[in-house]
Every structure is written in C-alpha cells, then in structure tokens.
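Structure, as structure tokens:
The values are calculated or read from the model by the stated rules, or taken from the named source; none is laboratory data. Source: prediction; values computed, not measured. Cβ coordinates were reconstructed from backbone atoms using ideal geometry, including for glycine residues, and neighbour counts include every protein chain displayed.
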Amino acid sequence: MKHRKQANNNRANRIAFRLNDEEYQEFSINANFSGLNKSEFIRRCVLGKRIHSAIDLKMINELRKIGGLVKHIHKETDGLYKHKTASILDELRATIAYISQHRKGGA
C-alpha cells in the first residue's frame, strides 16, 4: 500500500478534457466494466496498459462454481448422469478457456 500512496503523491499534474454526452456515457460504461475508477482507467489507456473486464473475472468464477456443483451432482449420484455431467463440464471448460483467451487479446 505504501508504494501506491507514493505513486499518488507524485501525480501533481492534472489533465482536463471534455466529452459530449455520448462519449461520456461510453467512457463511463467502459470504466465500470473494467472495475477501475475513472482516473485509473484513463491512466491505463494513456499509458497503453492492459485493461481487463472485471465482469469477465466474475463470470469465470461463477462458471467454476457451477462446475463444482456439477461435479458434486456426479459424485452424489454415483455417476448416474455421467454423460450429461461430462458434457456440461466440457462446455464449462471450453467457455472458461474462450473467455480467458479473449481477455488476453486472442481471437
């Protein structure tokens, strides 16, 4: 935390700019999706740093929870629905891989 405070103390330069309503709405949505405050969002854009969607991380975590529940069903039913649970788990893995690849800038 000390490192972060020191970096903030060195930020004496302030930049102001104007956006029309449509631009501001798009900017606000993108900043909110990133999970960053607006200043940090702009800072990362200007410095060319990666901006990840906080929603993607939440989605991946929820998909993993669902996978855990599906595994629990598999175990509790002694594999009675093994073909269905295996199919669901394969789909969950593929979806998580797709989201992860998309976050890293893949096609």
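Here are some notes:
- Members of the range 47-58 that are modelled with pLDDT of 90 or more and among the aliphatic types (A, V, I, L, M): Leu47
- Residue match in the range 61-77 (condition: over 24 Å from His102 (Cβ atoms) and not in a helix (DSSP H, G or I)): yes
- Single condition Ile15 does not satisfy, out of (1) modelled with pLDDT under 90; (2) assigned to a loop (DSSP other than H, G, I, E, B); (3) within 16 Å of the chain's Cα centre (by Cα): (3)
- Taking the criterion of being hydrophobic (A, V, I, L, M, F, W, C) and within 17 Å of the chain's Cα centre (by Cα), the residues of the range 41-54 that qualify are Phe41, Cys45, Ile51, Ala54.
- In the range 55-85, residue surrounded by the most Cβ atoms within 10 Å (Cβ to Cβ) [restricted to those that are aliphatic (A, V, I, L, M) and more than 26 Å from the chain's Cα centre (by Cα)]: Ile73
- Single unsatisfied condition, Asn32 versus (1) of a type outside the set (A, V, I, L, M, F, W, C); (2) loosely packed, with under 13 Cβ neighbours inside 10 Å; (3) part of a helix (DSSP H, G or I): (2)
- Index of the failed condition, Ser100 passing every other in (1) over 30 Å from Asn32 (Cα atoms); (2) hydroxyl-bearing (Ser, Thr, Tyr); (3) under 25 Å from the mean Cα position of the chain (by Cα): (1)
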